[in-house]
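Notes for the one structure printed next.
The values are calculated or read from the model by the stated rules, or taken from the named source; none is laboratory data. These numbers come from a predicted model, not from an experiment. Cβ placement follows ideal geometry from the backbone for every residue including glycine, while neighbour counts extend to all protein chains displayed. Only protein heavy atoms, including side chains, enter the accessible area calculation; ligands, DNA and RNA are left aside. Shrake-Rupley method; radii C 1.70, N 1.55, O 1.52, S 1.80 Å.
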Amino acid sequence: MRCANRFSTRRVVHASSFLFFLSPLIATVVALLPVSSGVAYIAFVAVFLARGALEHSLILGILGYMLDVAPERNRAMYVGAINTLGGIVNLTPFLGGLFIDLFGHETFNALPYAIVFGVVSLTSAIGLGASFRLPAQPAASAMAT
């Protein structure tokens with residue numbers, strides 16, 4: 001909460017969007033390039049550190065921003081919409097796993113992994129770009145009235 005209070009929830013959204021982009025990008029690079037097991041291990045740890053930070057940024061960033069900009073009478077509807085979209089998004093790892101299983105299960109083939117992580121990285125890059133177009137939150141005094 002301290003980060004959101006100090007830099008605004010919008011800035012937390014920017015930082016978390018960057019982490020959403022960085023994690024699959026690292027995985028894509030590891031899947032495409034021949035790297036040593038040591039480098040792959042370091043990349044694995046970096047991805048999990050970024051993912052851990054993301055788990056804690058949802059309420060501080062995205063939900064906090066939504067609650068800051070939503071009119072008070074519509075806040076429940078905004079939270080309901082993000083929960084509904086989150087349920088749909090939760091299906092994507094299953095779909096990615098199906099894709100990898102269909103095209104990479106015979107022999108270990110890194111290409112399906114690179115495709116899945118590349119698509120996620122591209123989608124996250126679009127989200128990162130969109131996060132910089134978010135309007136600033138209204139001032140606290142304007143929200144109180």
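The table for this structure:
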{"quantity": "Residue within region 78-86 that is modelled with pLDDT of 85 or more and open to solvent by 70 Å² or more (accessible area, probe 1.4 Å) present", "calculated": "yes"}
{"quantity": "Region 28-77 - residue that is touching a Phe, Trp or Tyr at 6+ places or on another chain (Cβ under 6 Å), part of a helix (DSSP H, G or I) and of a type in the set (A, V, I, L, M, F, W, C) and, of those, modelled with the highest pLDDT", "calculated": "ALA31"}
{"quantity": "Subset tally (residues that are loosely packed, with under 11 Cβ neighbours inside 10 Å and either within 27 Å of VAL116 (Cα to Cα) or under 15 Å from the mean Cα position of the chain (by Cα) (or both)) for region 40-77", "calculated": "2"}
{"quantity": "Inter-residue pairs, beta-carbon under 8 Å, first within 16 Å of LEU134 (Cβ to Cβ) and in region 16-28, second open to solvent by less than 50 Å² (accessible area, probe 1.4 Å) and among the hydrophobic types (A, V, I, L, M, F, W, C), 6+ apart", "calculated": "SER16/ALA53; SER16/LEU54; SER17/LEU128; PHE18/LEU128; PHE20/LEU54; PHE20/LEU128; PHE21/ALA125; PHE21/LEU128"}
{"quantity": "Leading residue by the ranking (surrounded by the most Cβ atoms within 10 Å (Cβ to Cβ)) among those in region 114-145 that are part of a loop (DSSP other than H, G, I, E, B) and at pLDDT below 75", "calculated": "GLN137"}
